[in-house]
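First comes the structure, then the notes that go with it.
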Amino acid sequence: MALAWMDFHVQKRRDVPIYSLSRRHPSAISSLIDTLDSQPTTPPSLYIDLEGVNLGRHGTIALVEVHVSPLRRTYLIDVHALGGEAFTAPSPTTGRTLQAVLEDEAIPKVFFDVRHDSDALHGLYGIRLAGVRDLQLMELATRSQVGLNGDGDVVSLSRERVRDLAACIKCDARLSLEEREAWDAAKVEGRMLFVPAFGGRYEVFSERPLKEEIMRYCVQDVQFLPSMWAYYEPKLTPDWEERVRKAERDRVALSLAPEFFGGKHMALAPEGWSSL
């Protein structure tokens, strides 16, 4: 399908094109829904990440990144510009919306630690995620009980704590040297713009036009999620798959609760996992 409403296009990892959808072409969101709805569900086709300032119910969502694996395309949806229209603009053919896709249990959506994303989507736009697959939980469930430390020594590994996204990408996304260098460069480049300790400002995600360095930062992680799915999913035993699916539902439910808040406790494994 020709995407005449394309705002921004750059070739990234393995020639994956990136599209930015904003008010410059307001029909783009509604046209995108048909694309998302038509993708296969096994394995999952949709890989999602969010960016914002203080991401959660008390912050903002600036961008939603959707990587469509079969098409090898990443879409940047400019929520800062579109507001609620990003989620409620209907498809011209089916009437479906991005909110409907996100709430559709039959369409798997892959996140890495869905909790803050779910908190923000529900708290700010009333979206109740369904069909969630969480790679952070899949990594923990398939983690080997032994491994190598930085000195090459064999050590025991526990399931007491989850790993962050950067650690999982480095270990499990199977990056080539060229991909690793490009990923590192994009992360450093982006952090210089938004991390206060490096002289940046989180508000850069809400400034328009969006800086190309921020675009590159946003797409780097989400484009590697399909590789991580392909690495973890075959290693899930039936028992662990059942535990992961329950924990995914629990994470979404917890993020909707009035008492939900972030903190160091979020690094802990689901209850009972560390002893298995």
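Some notes on this structure:
- Net charge in the neighbourhood of Val110 (other residues with Cβ under 11 Å of its Cβ; Lys, Arg +1, Asp, Glu -1) is -2.
- For Lys246, the lysines whose Cα comes closer than 17 Å to its Cα, not counting residues fewer than 8 places off in the same chain, are Lys109.
- In degrees, nearest ten, helix 177-194 long axis to first principal axis of the chain (Cα): 70
- Working note: Debye formula, equal point scatterers on the alpha-carbon atoms of region 67-214, no solvent; log10 I(q)/I(0) at q = 0.11, 0.12, 0.15, 0.16 Å⁻¹ is -0.62, -0.73, -1.11, -1.22.
- Radius ratio Rg over Rh of the chain, counting only Cα atoms, Kirkwood formula for Rh: 0.95
- Using C-alpha pairs under 8 Å with a sequence gap of at least 6, the mean separation divided by the residue count of the chain gives a relative contact order of 18 percent.
- Acute angle (nearest 10 degrees) that the helix 212-222 long axis makes with the longest principal axis of the chain, alpha-carbon atoms: 50
- Two-decimal log10 I(q)/I(0) for region 182-276, as the Debye equation yields it once each C-alpha is a single scatterer, q = 0.14, 0.16, 0.25 Å⁻¹: -0.84, -0.98, -1.16
- Counting only aspartates and glutamates at least 8 places from Lys264 when in the same chain, those with an alpha carbon closer than 15 Å to its own are Asp113, Glu160, Asp164.
- Nearby lysines by direct alpha-carbon distance to Lys170 (threshold 21 angstrom, same-chain neighbours under 8 apart not counted): Lys12, Lys187, Lys235
- Dimensionless Rg/Rh of region 40-144 - Kirkwood Rh, Rg from C-alpha atoms: 0.97
- Once exposed loop GluC sites (Glu not before Pro) are cut out (DSSP; at most 14 other Cβ, 10 Å), longest piece of the chain: 1-104
No value in this document is a laboratory result; all are computed from the given coordinates. Just so we're clear, the structure is a prediction, and the values are computed from it rather than from any experiment. With ideal geometry, Cβ positions are generated from the backbone for all residues, glycine too; neighbour counts draw on all protein chains shown.
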